[in-house]
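The values are calculated or read from the model by the stated rules, or taken from the named source; none is laboratory data. Treat the numbers as computed from the prediction; the structure is a model and nothing was measured. Cβ sites come from the backbone with ideal geometry, for glycine too, and all protein chains shown count toward neighbours.
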Amino acid sequence: MAVSNIYNHFDHKDCLFREVLSPLLNAFNKMLEEHNSDEDMELYMSAPDRYREKMVQEFMSLTRTYRAELKLLLLLSGGSSLESFREEVVRRQTEVGKVYLERFRKKYPQFKAEVSPLFVKLSSTWWMIIFTEIIANEELTEQEIERALSEYIAFGTAGWTELMRG
């Protein structure tokens with residue numbers, strides 16, 4: 001297929017762009033859903049070390065598998081229908097996070113689980129900034145990325161645990 005003929009299969013270049021990124025978008029959405037699942041909540045409460053390890057491995061797998069696509073999506077999507085992807089993820093994750101905290105409060109009434117909506121949004125924003133920073137810095141080794149993610153997740157889970165205690 002000649003390059004000039006590829007548009008015969010797509011209505012416009014944005015459709016092609018979305019098609020190229022569809023495996024990443026599906027994987028990203030799946031990861032976000034699992035992160036907010038009852039299973040992950042249970043793992044977080046019963047085995048925090050395993051939870052942190054699982055989180056690191058999920059993010060490492062996503063960056064390993066889709067690094068080029070993540071760069072396109074997070075840094076080079078201006079002018080496309082995905083140019084607001086980061087903001088949309090933050091918005092969606094903020095809403096999902098509020099629901100997650102409500103479920104957490106019901107399941108574990110001994111914990112406070114009353115966190116301001118602004119803090120939930122800030123937490124979602126931090127994740128997107130960290131993810132973007134990792135993708136933007138191609139000179140980072142896998143070991144450096146894994147260490148930074150591990151440190152951030154340890155920092156974050158300790159902070160969330162403290163917040164939940166009230």
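Please determine whether any residue of the range 68-80 is over 24 Å from Glu146 (Cβ atoms), surrounded by 14 or more Cβ atoms within 10 Å (Cβ to Cβ) and touching a helix residue (DSSP H, G or I) at 6+ places or on another chain (Cβ under 8 Å).
Taking the range 68-80 first, the residues over 24 Å from Glu146 (Cβ atoms) are 76-80.
Among the residues that remain, those that are also surrounded by 14 or more Cβ atoms within 10 Å (Cβ to Cβ) are: 77, 80.
Now narrow it down to the ones that are touching a helix residue (DSSP H, G or I) at 6+ places or on another chain (Cβ under 8 Å): 77, 80.
Yes, the range 68-80 contains a residue that is over 24 Å from Glu146 (Cβ atoms), surrounded by 14 or more Cβ atoms within 10 Å (Cβ to Cβ) and touching a helix residue (DSSP H, G or I) at 6+ places or on another chain (Cβ under 8 Å).
Test Arg91 against the stated conditions and say whether it is of a type outside the set (Gly, Ala, Ser), over 30 Å from Lys13 (Cβ atoms) and surrounded by fewer than 16 Cβ atoms within 10 Å (Cβ to Cβ).
Details: of a type outside the set (Gly, Ala, Ser): yes; over 30 Å from Lys13 (Cβ atoms): no; surrounded by fewer than 16 Cβ atoms within 10 Å (Cβ to Cβ): yes.
In short, no.
Considering each residue of the range 100-132, count those that are closer than 22 Å to Leu62 by Cα, surrounded by 13 or more Cβ atoms within 10 Å (Cβ to Cβ) and β-branched (Val, Ile, Thr), and give that number.
Adding up the residues that qualify gives 3.
Taking interchain pairs and intrachain pairs at least six residues apart, which have beta carbon atoms under 7 angstrom, with the first residue in the range 57-69 and touching a residue at least 24 places away in the same chain (Cβ under 8 Å) and the second surrounded by 13 or more Cβ atoms within 10 Å (Cβ to Cβ) and not hydrophobic (A, V, I, L, M, F, W, C)?
Met60/Glu146
Take the residues in the range 23-55 that are small (Gly, Ala, Ser) and farther than 18 Å from Ile135 by Cβ; name whichever of them is surrounded by the fewest Cβ atoms within 10 Å (Cβ to Cβ).
As a first pass, look at the range 23-55 and keep what is small (Gly, Ala, Ser): 27, 37, 46-47.
The next check asks that each one be farther than 18 Å from Ile135 by Cβ; those that pass are 37, 46-47.
Numbers: Ser37: 13, Ser46: 9, Ala47: 12.
Among residues in the range 23-55 that are small (Gly, Ala, Ser) and farther than 18 Å from Ile135 by Cβ, the one surrounded by the fewest Cβ atoms within 10 Å (Cβ to Cβ) is Ser46.
Residue check: is Glu58 farther than 25 Å from Gly159 by Cα, among the charged types (D, E, K, R) and surrounded by 15 or more Cβ atoms within 10 Å (Cβ to Cβ)? I'd like the intermediate steps shown before the answer.
On the way: farther than 25 Å from Gly159 by Cα: no; among the charged types (D, E, K, R): yes; surrounded by 15 or more Cβ atoms within 10 Å (Cβ to Cβ): yes.
No; evaluated as a whole, the condition is false for this residue.
Given the criteria touching a residue at least 40 places away in the same chain (Cβ under 8 Å), assigned to a helix (DSSP H, G or I), farther than 20 Å from Met41 by Cβ and not acidic (Asp, Glu), does Leu163 qualify? Talk me through it step by step, then tell me what you get.
Numbers: touching a residue at least 40 places away in the same chain (Cβ under 8 Å): yes; assigned to a helix (DSSP H, G or I): yes; farther than 20 Å from Met41 by Cβ: no; not acidic (Asp, Glu): yes.
So Leu163 fails the test.
Just one of Ile129, Ile134, Ile153 is among the β-branched types (Val, Ile, Thr), in a helix (DSSP H, G or I) and out of contact with any helix residue (DSSP H, G or I) (no Cβ under 8 Å at 6 or more places or on another chain); which is it? If you could, list the steps in order and put the result at the bottom.
On the way: Ile134 fails: out of contact with any helix residue (DSSP H, G or I) (no Cβ under 8 Å at 6 or more places or on another chain); Ile153 fails: out of contact with any helix residue (DSSP H, G or I) (no Cβ under 8 Å at 6 or more places or on another chain).
Matching residue, one of Ile129, Ile134, Ile153: Ile129.
Of the residues that make up the range 137-149, is at least one assigned to a helix (DSSP H, G or I), modelled with pLDDT under 90, over 17 Å from Glu87 (Cα atoms) and out of contact with any helix residue (DSSP H, G or I) (no Cβ under 7 Å at 6 or more places or on another chain)?
Here is the first cut: in the range 137-149, the residues assigned to a helix (DSSP H, G or I) are 142-149.
Applying the additional criterion that residues be modelled with pLDDT under 90 yields none.
No, there is no match, as no residue in the range 137-149 is assigned to a helix (DSSP H, G or I), modelled with pLDDT under 90, over 17 Å from Glu87 (Cα atoms) and out of contact with any helix residue (DSSP H, G or I) (no Cβ under 7 Å at 6 or more places or on another chain).
Could you list, in sequence order, all residues of the range 106-150 that are free of Cβ contacts under 8 Å to residues at least 40 places away in the same chain, under 20 Å from Glu33 (Cβ atoms) and not hydrophobic (A, V, I, L, M, F, W, C)?
Listed by number, the residues that qualify are Lys106, Lys121, Ser123, Ser124, Thr125.
If we only count helices (runs of 4 or more DSSP H) wholly inside the range 33-125, which ones have 2 or more residues that are in contact with a Lys or Arg (Cβ under 8 Å, 6 or more places away or on another chain), at pLDDT 90 or above and over 27 Å from Ser22 (Cα atoms)? Outline the logic, then answer.
Numbers: elements: 38-46, 48-75, 85-107.
Answer list for the range 33-125: 38-46.
Could you tell me which numbered condition Ala27 fails, if it satisfies all but one of (1) in contact (Cβ under 8 Å) with a residue 12 or more places away in the chain; (2) over 24 Å from Gln143 (Cβ atoms); (3) among the small types (Gly, Ala, Ser)?
Unmet condition: (2).
Considering each residue of the range 133-150, count those that are surrounded by 12 or more Cβ atoms within 10 Å (Cβ to Cβ) and over 12 Å from Met60 (Cα atoms), and give that number. Full working, then the answer.
The first filter runs over the range 133-150 and keeps only residues surrounded by 12 or more Cβ atoms within 10 Å (Cβ to Cβ), leaving 133-136, 140, 144-150.
Imposing the further condition that a residue be over 12 Å from Met60 (Cα atoms) reduces the set to 133, 136, 140.
Qualifying residue count, the range 133-150: 3.
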